[in-house]
Amino acid sequence: TNNSVEIKLNNDLSVGGLEFTLSFEDSLLAVDSVSLSSRSYHMTLAYETLSDSVKVIIYGAMGDSIVSGSGSVAIVFFSVTENAVFGDNTPLSFSGIVIGNPSANPIASTGEDGIFHFDFGPSTISMSLNASWNLISWDVNTENDFIGVFLSNIMDDVDIVLGFEDGGLTYDPNW
């Protein structure tokens, strides 16, 4: 699952460096890493992760700058905790935003907070089956593990389902 958030910058002037803190609900999210985007790949990145925030600094160590324009300058990758619920969301808040030109003079700026949506829910599994016996396996955490629900689209064609999870299991749709 791609649990990433793009940090976008709209700038009319060249940017020699920027820093910000992104705060989030630590019972729902944890930062895995931060990376530069194609717009800022030539810059230097430093970040510090705390339990409920990440402080990011992007700067041109050799006088490099982010040219004027619009788009992503960084990507923050998150892990979602087991406390998160499908369909829910949590705020992402910016603070400590400092942006400077290549001469390190401040550039007036504002930040726009965001929302992280937990959309990791329903997914579709598609596989080809033979007309006779099939041996299949999958590593997917489904919302409802009841085999009658999981195979509902093909249940009219199922004679029996055999399984193994902590012992042998049998499901007969006619029983």
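The values are calculated or read from the model by the stated rules, or taken from the named source; none is laboratory data. Being a predicted model, the structure only gives us computed values, none of them experimental. Here the Cβ positions follow ideal geometry from the backbone for every residue, glycine too, while neighbour counts run over all protein chains shown. Just the protein is used for accessible areas: all its heavy atoms, side chains included, with ligands, DNA and RNA removed. Shrake-Rupley method; radii C 1.70, N 1.55, O 1.52, S 1.80 Å.
Can you send over the carbon and sulfur percentage of the accessible area for the chain, probe radius 1.4 Å, protein chains only?
The C+S portion of the solvent-accessible surface of the chain is 48 percent.
Contour minus end-to-end for residue 134 and residue 147, with contour as 0.36 nm per residue of separation and end-to-end as the Cα-Cα distance?
The residue 134-residue 147 span can extend by a further 3.1 nm.
What Kirkwood Rh does the chain have if only Cα atoms enter the pairwise 1/r average? Answer in Å.
Over the chain, the inverse of the mean reciprocal pair distance is 19.9 Å.
Note down the nm distance, to one decimal, between modelled labels 7 Å out along Cα→Cβ at residue 32 and at residue 13.
Computed distance between label sites residue 32 and residue 13 equals 3.7 nm.
Tell me, what is the FRET efficiency for residue 25 and residue 67 to the nearest 0.05, using R0 = 35 angstrom and their Cβ-Cβ distance as r?
About 0.50, to the nearest 0.05.
Evaluate the stretch 1-91: find the radius of gyration of its Cα atoms, find its Kirkwood radius, and give the ratio Rg to Rh. Don't skip to the answer; put the middle values down first.
Numbers: Rg = 14.3 Å, Rh = 14.0 Å.
Computed over Cα atoms, the ratio is 1.02.
Step through the residues of the stretch 73-83 one at a time and calculate ³J(HN,Hα) from phi using the Karplus curve (6.51 cos²θ - 1.76 cosθ + 1.60, θ = phi - 60°), rounding each to whole Hz and writing x for Gly and Pro.
10, 7, 10, 9, 9, 10, 9, 9, 7, 5, 7
For the stretch 59-66, what does the Karplus curve 6.51 cos²θ - 1.76 cosθ + 1.60, with θ = phi - 60°, yield as ³J(HN,Hα) per residue in whole Hz, taken in order and with x for Gly and Pro?
Values, residue by residue: 8, x, 5, 10, x, 5, 8, 8 Hz.
Rounded to the nearest whole Å², what accessible area per residue is found for the chain with the 1.4 Å probe? Could the numbers behind the result be given before it?
Values: 11890 Å² over 175 residues.
Per-residue accessible area for the chain comes out at 68 Å².
For the stretch 26-67, what's the relative contact order in percent, using C-alpha pairs closer than 8 Å and at least 6 residues apart?
Relative contact order here is 37 percent.
List the chymotrypsin sites (Phe, Trp or Tyr not before Pro) in the stretch 19-73 that DSSP assigns to loop (not H, G, I, E or B) and whose Cβ has at most 13 other Cβ atoms within 10 Å. Which are they?
Listed in order of number, the matching sites are 41.
Express the relative contact order of the chain as a whole percentage, based on alpha carbon pairs under 8 Å and six or more residues apart in sequence.
Values: 305 pairs, mean separation 42.3, N = 175.
24 percent.
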